[in-house]
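Data first, discussion second: the structure below is written as structure tokens.
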Amino acid sequence: MKFQNVHIAHDDEKDREKLLPLNNDDLKDEKDIASPSRPSFAFKCYVIASMTFIWTAYTLTIKYTRSSVEPEQMYSATTVVFCAEVLKLIITFAMFYKECNFNNAQFLEKVNQYFLNAPKELAKMSVPSFAYALQNNLDFVGLSNLDAGVYQVTTQLKVVSTALFMMLFLGRKFSARRWMAICLLMFGVAFVQMNNAPAAESKQSGEKAENYIIGLSAVLATCVTAGFAGVWFEKMLKDGGSTPFWIRNMQMYSCGVISASIACLVDYSRISEKGFFFGYTDKVYAVVILLGVGGLYISLVMRYLDNLYKSMASAVSIILVVVLSMLIFPDVFVGMYFVLGTMFVVLAVLLYNSVNE
Ligand code: C5P
């Protein structure tokens, strides 16, 4: 990956010059910090490659911590999510401070103006934040009522729901070729997921039918909330007035801290019995950092690219996880579904990028 960083260091500098005001006078023009700069191709590659690698590392680390720790020694997922949200919020404050050239007066003035005294804007950003929180809970309902294979395959419908929301909210139009790429991406990831799907457990048929209806409804709802949240967030970044990018993130993640705190309260009896940081090892801290930084890279992808590029990066990350898991975990294998799915994903990415719309 070193070669990327060499290019990026150079292009990144230029991008940062466009992104960050050079002196305090520049900051007076609010549009300078609010409008997205025109990033170079290399900078976009850097952002999307970073997102892909961070999510791959996150998934592998979480898999590792789950498989190597006894259930009674397991950390609480709700505290991990809470710590990641707090980390995202701290980083967004730090990035905005940097964007203000470490000038305390400028920083406080802008935070006051755009964050503390802008409740309407905060309310707008609470929409995707709470939609993501709802999605995480619906994911849990889906996973508990369906077998993992069915869940992972049906959840890929969110690629299509995302494209539909992009048409609706962002006024995007996709050519027939791009629709083909979107569908190929959805089927490709579904096939890759089928590769590792454990065999369905046999349940009583009545119970199974009921679980299926609950589980499938949750998955369909999660596809709607995921697509909706992502596109709303993108709209706020690209079309949401003069609020600076890092302030948008502050608004989003402050709501994230609130919803993660509520989840911790729900989990209170376990947390109070065992302690907030129970089961935290170096690898669990790594999970927190990767989850936090991974979320911020999603923001960057949505700012400089769009939601569908994010879906493509997630698809590549899912494939990388399977390939790397083969080296780390003894029970992972690669079959026909994986090969077919990977071919579909590669074709989808090429097809999507073969037209300039
Ligand atoms: O399922 P999906 O890929 O849409 O999930 C995205 C995840 O990334 C959500 O859990 C959300 O909390 C997180 N996210 C983030 N920052 C953003 C957008 C999404 O942390 N700007």
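The values are calculated or read from the model by the stated rules, or taken from the named source; none is laboratory data. Remember, it's a predicted structure, so these values are computed and weren't measured experimentally. A quick note on method: Cβ atoms are made from the backbone with ideal geometry, for glycine too, and the neighbour counts reach across all protein chains shown. These area figures cover heavy atoms from the full protein model, side chains too; ligands, DNA and RNA do not enter into them. Shrake-Rupley method; radii C 1.70, N 1.55, O 1.52, S 1.80 Å.
Miscellaneous remarks
- For the chain, pairs of C-alpha atoms spaced more than 34 angstrom apart make up 28 percent of the total.
- Contour minus Cα-Cα distance for N356 and A94 (0.36 nm per residue): 90.7 nm
- Note that region 250-304 carries a Kirkwood radius of 13.1 Å, evaluated over its alpha carbons pair by pair.
- Computed from the C-beta positions of E72 and A221 and an R0 of 45 Å, the FRET efficiency is 0.85 to the nearest 0.05.
- Of all accessible heavy-atom area on region 273-357, the percent that carbon and sulfur account for (1.4 Å): 72
- Accessible surface calculations at 1.4 Å, restricted to protein heavy atoms, place the chain at 50 Å² per residue.
- Residues of region 116-134 with amide N under 19 Å of a point placed 7 Å along Cα→Cβ from L168: 124-134
- FRET E, pair A176, I213, Förster distance 30 Å, beta-carbon r, rounded to 0.05: 0.30
- Peptides ranked, highest mean first, by Cβ atoms within 10 Å: ranges 164-171, 55-62, 142-149, 266-273: 55-62, 142-149, 164-171, 266-273
- Between 0 and 90 degrees, the angle of helix 119-145 with respect to the longest Cα principal axis of the chain falls at about 10 degrees.
- Between L324 and R270, the distance separating the two model label sites (each 7 Å from Cα on the Cα→Cβ line) works out to 2.6 nm.
- With the simple model of a label 7 Å out from the Cα in the direction of the Cβ, F130 to F102 spans 4.0 nm.
- Per residue, the convex hull volume that the Cα atoms of region 269-337 enclose (Å³): 165
- Percent accessible area from carbon and sulfur atoms, region 133-195, protein chains only, probe 1.4 Å: 70
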